[in-house]
Amino acid sequence: MAEAEQVEQPAELDEEARARAEAEGTEPLLRAIGKIIKTLRENARLTQVEFGAAIGYGVEQVSSVERGRRAPKKQFIEAAERVLKANGVLKAVQDDIDKASLSARVREITKIEAEAVEIHEYNPIVVPGLLQTETYARTLYRMRRPLLAEEIIEQRVAERMSRRVVFDRWPAPIMSFVLDEAVLRRPVGGKPVMKGQCERLLNVGAMRNVEIQVLPLGLEDVAETHGMAILMELKDRKIAFSEAQGRSFWFTKRPEVREIEARYGIIRAQALTPRESLEFIEKLLGET
C-alpha cells in the first residue's frame, strides 16, 4: 500500500453504480466461465430451462451466469459439476470465482486481514462487520437509503460473510472489538435477529484470540472517537481504516495511525472487561 497521509475512497452515486464499476475488472473471467458452462451444457444436450431445473436454478439465473453477468455461487458450481459431468473443471476455478464476486474494497480489506497479526475495531453505530450474523447484515443493507436492489443486497451480505475466514487462520491473529452498549440494545431486525447476533458474539468472544468489550452508556467521560475505526498491525507496518457517510479512508502514516491507536486504547480502558462484557451480553440475551 502506498504511503499516504490519508487515502480517501469516495462512494459512488449509488451502490448499483459502484457494483457496475467494480465489475469491469472481473467481467472477462466471469464471461470465460460462463462460456465453459454453456459449452458443457450444450454438449450435454440440455436447454437452459432443462439445465436450470436439474440444478435447482431458474432460467434467468442460468442465462446470467452463462453471459458472465453474475458470478455462480458454490452451490451452482457443485450442481453443475454433477449434472454436466464436468470432471472437476468447474470446481478448479471456484476460488477464482469467489474472488471475482467480491467488490474491490472488500478484496482489499480481505487481503490485508489475511496478512494482519492484529486486528482491532471500535464501532459506535452497528456490530462490527466481522462479528455480524448473515441475518443482521442483511437487515442493515435492507435499511440502506437510497434503497438497494435485492441482487446488490445479497452480494454485499455474501461479501461480508466471506471475511469470516480470518477466524479460521493459523497462526490466529490477535483480535479485539469494542461495541457501544446502544448497539446491543438497538433491536435491529427485531428480537429474533438480535438473539442470533448476541449468540454469535458469545461464541466468537469465547475464542482464545478474540476479546469483545462493551462501552457502557452510563459513562460521563468518553474518549472522542470520530466514529468507527479499524486498526491492523501487519508484519512490517500498522494501518487504520475508517468509514463515514459512505466514504472510506485508509491511514498509513505513522503519526495519524498513532492518534487512532491512542483513542482506541482509551476506549478499551473505559469499556467493561472482556469477562464483564460477555456476562453483560448473556444478560441481554436472556431478555430477548
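The values are calculated or read from the model by the stated rules, or taken from the named source; none is laboratory data. Keep in mind it's a predicted model, so treat the numbers as computed, not measured. So basically every Cβ, Gly included, is an ideal-geometry build from the backbone, and we count neighbours across all protein chains shown. Surface areas here come from the heavy atoms of the whole protein model, side chains and all, with no ligands, DNA or RNA. Shrake-Rupley method; radii C 1.70, N 1.55, O 1.52, S 1.80 Å.
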> When every alpha-carbon pair in the chain is counted, what percent end up more than 27 Å apart?
Replying inline: 49
> So, by mean Cβ neighbours within 10 angstrom, what's the order for 41-47, 62-68, 216-222 with the highest one leading?
Replying inline: 62-68, 41-47, 216-222
> Going by a ≥ b ≥ c, the root eigenvalues of the Cα gyration tensor, does segment 29-148 fall in the rounded group (a/c under 1.5), the prolate group (a/b larger than b/c) or the oblate group?
Replying inline: prolate
>> With a 1.4 Å probe and all protein chains left in place, how much of the accessible area of the chain comes from carbon and sulfur atoms, in whole percent?
In response: 51
>> Can you compute 3J(HN,Hα) from phi for each residue in segment 76-89, using the Karplus curve 6.51 cos²θ - 1.76 cosθ + 1.60 with θ = phi - 60°, rounded to whole Hz and x for Gly and Pro?
In response: 5, 4, 4, 5, 5, 4, 6, 6, 8, 6, 7, 6, x, 4
>> In Å², and per residue, what accessible area does the chain have when probed at 1.4 Å with the other protein chains present?
In response: 54
>> Please state the shape class of segment 140-264: rounded when a/c is under 1.5, otherwise prolate if a/b exceeds b/c and oblate if not, all from the C-alpha gyration tensor.
In response: rounded
> Can you tell me the Rg and the Dmax, both Å, for the Cα atoms in segment 70-212?
Replying inline: 17.0, 53
> Cβ under 13 Å from Gln213's Cβ, Gln213 left aside: what net charge do those residues give with Lys, Arg +1 and Asp, Glu -1?
Replying inline: -4
> What is the local net charge at Thr288, summed over the other residues whose Cβ is closer than 12 Å to its Cβ (Lys, Arg +1; Asp, Glu -1)?
Replying inline: +1
